[in-house]
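Read through the structure below, which is laid out as structure tokens, and then see the notes.
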Amino acid sequence: MGTGMEKQARPTSTDFMEIGSSGLVQYGGQVDEDFLRQLQGRRGYAIYREMADNHPVIGGILQAVDMLFRSVDWTVEPSDSDNQASIDQAEFVSQCLNDMSITWKDTVSNILSMLVYGFSYNEIVYKRRQGYASDGTQSEFNDGKIGWRKLPARAQDTIYRWKFDPTGGIEGAIQNPISGAGEKFIPIEKALLFRTTTRLNNPKGKSILRSAYTSWYYQKRITTIEAIGIERDLAGLPVAFVPPQLLSNNATSQETAALDEIKRIVRNIRRDEQEGLVFPLAYDPETKQKAYDIQLLTSGGRRQFDTNAIINRYDQRIAMSILADFILLGHEKIGTQALSVSKIELFMDTIEAWLAGIGDVFNQFAIPRLMRLNGISEELFPKLNWSAPRDPDLGILGDYVSKLTATGAMMTDDGLSDYLRDLTATNWIK
């Protein structure tokens, strides 16, 4: 048992030192954390872009996320709601958010590129609030304070190297623009780094499409094979008959060239508005049969595999990997309303987590830097807050409003009417 007189341990110098490292795989600032080579560097970014731009399910989910984020109400809360100075600083930050050359909603939409690529590196560009200044900057205010001019995202595939300190801390990013402008070092103090995950302090985060890559890879190839198979079934399998001499080892250069041309014709046979062949009519002098001929072999019947079911299975796995498989519920013959509600709630929880991540970066870095540049004391620093988008059940809401109206409890209220109309217009999830 303790006597209450235990001696206090004195901290040593190593207690304040960072001895180990995160274990992040990086060489000279180039992070190669992914074990698949095709998902490293610019090649990986190109694949993620193809997944986002070409796949209907992934594109639909990302579009839904973008629309949800645009419907979020962002507010700046004062550090002390009873202190006028705190209220004034909250109003100042709110002005700065809405006084940029790119709208705040578009800025958030650009930040969301972190979902596809794993991170978004946004450079901070300030301005003096001097109305319409001679240097080309514009502001709705003319108080001489420093505000945000814009927070542009730097293309992920142009950031090819990172600068780390000896303990693995991120000092900045080295950009090599495709325009050929040369290397640009953007220090972390002049940027905001948004990431889907901070595991191992990897500045590149992790794309939310990473777990969907295998399903996307196989689905893409099965879809391609299916399209080729349909085309071949409709057009028939082309088979060309040629004289044996063209296939012999001692064929002349002219015969080899003729064989190559016939092969090209067979490969390019398509059923379209330009279909048709011009083929030589020649007969073997001995057999009296055609020396050249071409035929279309028809399919022998249905294939053993149901490619439609396979492709749909991969669609479901892709949506599940992003926690958004609710988007497929309307295309299936199974599933209950309770299941759909739980899936949507899980997806909305994910949305809230991403919102919190964006808000944390602003509250920890963007707002304090802006305040210090304007000489504001720390106790007056406001916080960026948001209200999570929700998807109300219009059936329950309608029944509630009807009952209120029937009892005379709800009188004419223009604000309430506008709110209900907005709910109806934006209730697109269910």
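The values are calculated or read from the model by the stated rules, or taken from the named source; none is laboratory data. Note that this is a predicted model, so its numbers are computed, not measured. A quick note on method: Cβ atoms are made from the backbone with ideal geometry, for glycine too, and the neighbour counts reach across all protein chains shown. Ligands, DNA and RNA are stripped out before the accessible areas are found, and what is left, the full protein with its side chains, is counted by its heavy atoms. Shrake-Rupley method; radii C 1.70, N 1.55, O 1.52, S 1.80 Å.
Return the FRET efficiency for the residue pair Q289, R267: r is the Cβ-Cβ distance, R0 is 22 Å, and the value is rounded to the nearest 0.05. E(calc), rounded to 0.05, equals 0.30.
Using the Cβ-Cβ distance between N110 and I225 with R0 = 30 Å, the FRET efficiency computed as 1/(1 + (r/R0)^6) comes to roughly 0.20. Accessible area per residue for the stretch 53-200, computed on protein heavy atoms with a 1.4 Å probe, is 48 Å². Count Lys and Arg as plus one, Asp and Glu as minus one, and take only other residues whose Cβ is under 12 Å from that of L384; the net charge is then -2. Treating r as the C-beta distance of D15 and D135 and R0 as 35 Å, the FRET efficiency rounds to 0.10. Tell me whether the stretch 14-94 comes out rounded, prolate or oblate; compute the Cα gyration tensor, take square roots of the eigenvalues as a ≥ b ≥ c, and use a/c under 1.5 as the rounded threshold. Because a/c hits 1.5 or more and a/b fails to exceed b/c, the stretch 14-94 counts as oblate. Near S120: Cβ cut-off under 10 Å, other residues only, Lys/Arg at +1 and Asp/Glu at -1. The net charge is +2.
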